[in-house]
Amino acid sequence: MNVLVVDDEILSVELLKQALTTMGYQVSVRENGSEALAYLRDHGDCRIMITDWEMPDIDGLELTRRVRQESLGHYVYIIMVTSRGGTANVVEGLEAGADDFMSKPFHPAELEVRLRSGLRLMALEASNMTIFALAKLAESRDPETGAHLERVRGYSRALAAHMASNSPCRHEIDATFIENIYLTAPLHDIGKVAIPDHVLLKPGRLTDAEFEIMKRHTTEGAATLNSVLEVAPHASFLKVARDIALCHHERYDGTGYPRGLKGTDIPLSARIFSVADVYDALISKRVYKSAFSHDVAKSLIMEGDGTQFDSQVVAAFLALETTFQTIVKTQAEP
Ligand SMILES: [Fe+2]
Ligand SMILES: [Fe+2]
């Protein structure tokens, strides 16, 4: 792992270099902000930068801002080293886009801990990106767009977060659940990769036989995720992904598919997600329908209260109307 150190003081450079090399990192040093920027542009493998706050020319704060403005194509984790104290400075640094801070003189053990949390965050980012790439792959065979995936994960997170404090099933929802539902919602239709073109891409109404084939996207998606779960049984996000993929077309009254599950037999994540997915389908233009307004979509969701949808989720939806509309505005079709 390559770490870029940006500092104009030889002594602190040497200290950092020594500590980092002992920890097994490769170290590159640049003495000022402009050189650091040039280095990052040329070295896509450099994902961690430790920069001094006070430097001539471009200081650490300005450098951080510029790195965030550049489209480097990957995230650079930035740790700022400062002799300044006080919360005001930390806030200033955070606003500029720094991820973490360390004060001078630093202790190698502290540096190690801070780097480790940086690596953890980047691994998370990588798995998030993998999930999204996978979802997009499924989507490449499906007319639903990337904006749809972004919106449904946004609604789902908002619904779960609201229900965490306002609904009778709040004890089932914690921060991990909310994060997992956000992370995996884009995978709901991944099983569509297994559906033949003449069914998946058919512009008109599906025959009964074709609809039976179409329904399989739920079990196909779940089967794929289950096979990943077998090798990583403790990955809670995979369980949530599997539940959503398998049960997002179940209906609260038991008339859905693939298994006709009823009420709370349907996993909570899927009950939440189905409101998000149906709402988005309603407000979007599809081959077979035009886009409905928010109000029409809302009344249709309300019609499904207790039959298609769990009433607790519908209640959360009604409380979050403005949030839904904001997500629609910010995640519009390209
Ligand atoms: Fe689906
Ligand atoms: Fe969908």
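The values are calculated or read from the model by the stated rules, or taken from the named source; none is laboratory data. If you're wondering where the values come from, they're calculated on a predicted model, not measured in any experiment. Because the Cβ atoms are built from the backbone with ideal geometry, glycine has one as well, and the counts that use them run over all protein chains shown. Calculation scope for accessible area: heavy atoms of the full protein, side chains included, ligands and nucleic acids excluded. Shrake-Rupley method; radii C 1.70, N 1.55, O 1.52, S 1.80 Å.
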Which FRET efficiency value, to the nearest 0.05, do you get for Asp208 and Asp174 by plugging their Cβ-Cβ distance into 1/(1 + (r/R0)^6) with R0 = 41 Å? 0.45
Using Cα pairs closer than 8 Å and at least 6 residues apart in sequence, work out the relative contact order for region 124-228, in percent. 30 percent
Rounded to 0.05, the calculated FRET efficiency for the beta carbons of Thr326 and Gln26 at R₀ = 35 Å is 0.20
To the nearest 0.05, how large is the calculated FRET efficiency for Leu318 and Ser71 if R₀ is 41 Å and r is the Cβ-Cβ distance? 0.55
With at most 11 neighbouring Cβ atoms within 10 Å, loop trypsin sites (Lys or Arg not before Pro) (DSSP) excluded, longest segment of the chain: 1-204
Return the long-range amide H neighbours of Ile58 (sequence gap of 5 or more, or a different chain), with a cut-off of under 5 Å between placed amide H atoms. Gly33, Ser34
Amide H of Phe309 versus every other amide H placed in the peptide plane: which residues, excluding those fewer than 5 positions away on the same chain, fall under 5 Å? Tyr252
Under-5 Å amide H pairs with Val3, H placed in peptide plane, nonlocal only: Gln26, Val27, Ser28
Interatomic Cα distance distribution for the chain, bins of 20 angstrom, percent: 27, 44, 26, 3
Which ³J(HN,Hα) values, rounded to whole Hz and listed in residue order, are derived for region 93-103 from phi using the Karplus coefficients 6.51, -1.76 and 1.60 in 6.51 cos²θ - 1.76 cosθ + 1.60 with θ = phi - 60°, glycine and proline given as x? x, 5, 5, 6, x, 6, 9, 7, 9, 9, 9
Shape metrics for region 141-330, restricted to C-alpha atoms - Rg then Dmax, Å: 15.8, 45
Percent antiparallel among DSSP beta bridges with both residues in the chain, to the nearest 5? 5 percent
Probe 1.4 Å, accessible area per residue of region 183-239, Å²: 53 Å²
Taking the Cα centre of the chain as origin, work out the dipole magnitude from +1 charges on Lys and Arg Cβ and -1 charges on Asp and Glu Cβ, in debye rounded to 20. 1040 debye
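Do any chymotrypsin sites (Phe, Trp or Tyr not before Pro) in region 221-294 lie in a DSSP loop with no more than 16 other beta carbon atoms within 10 Å, and if so, which? Walk me through the intermediate numbers first.
Working: sites: Phe237, Tyr252, Phe273, Tyr279, Tyr288, Phe292; in loops: Tyr252, Tyr288, Phe292.
Qualifying residues, ordered by number: Tyr288.
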Just flag the GluC sites (Glu not before Pro) in region 29-109 sitting in loop per DSSP whose Cβ has no more than 13 other Cβ atoms within 10 Å. Glu70
Straight distance only, please: which lysines reach the Cα of Lys215 with their own Cα at less than 30 Å, same-chain residues fewer than 8 apart left out? Lys136, Lys192, Lys202, Lys239, Lys262, Lys285, Lys289, Lys298
For the Cα atoms of the chain, what angle does the longest principal axis make with the long axis of helix 321-330, in degrees from 0 to 90, nearest 10? 60 degrees
Using a simple charge model, +1 on the beta-carbon of Lys and Arg, -1 on the beta-carbon of Asp and Glu, nothing else, what dipole does region 2-122 show about its Cα centre, in debye to the nearest 20? 460 debye
Using alpha carbons only, how many degrees (0 to 90, rounded to 10) separate the axis of helix 10-22 from the longest principal axis of the chain? 50 degrees
With angles folded into 0 to 90 degrees, how steeply does helix 268-283 sit against the dominant principal axis of the chain? Use alpha carbons for both and round to 10. 80 degrees
Considering only C-alpha atoms, what is the centroid distance from region 144-172 to region 67-133, in Å? 28 Å
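Quick check: at a probe of 1.4 Å, how many percent of the accessible area of the chain sits on carbon and sulfur atoms?
55 percent
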Per-residue HN-Hα couplings for region 297-303, Karplus 6.51 cos²θ - 1.76 cosθ + 1.60 at θ = phi - 60°, whole Hz, x for Gly and Pro? 4, 4, 5, 5, 5, 5, 4
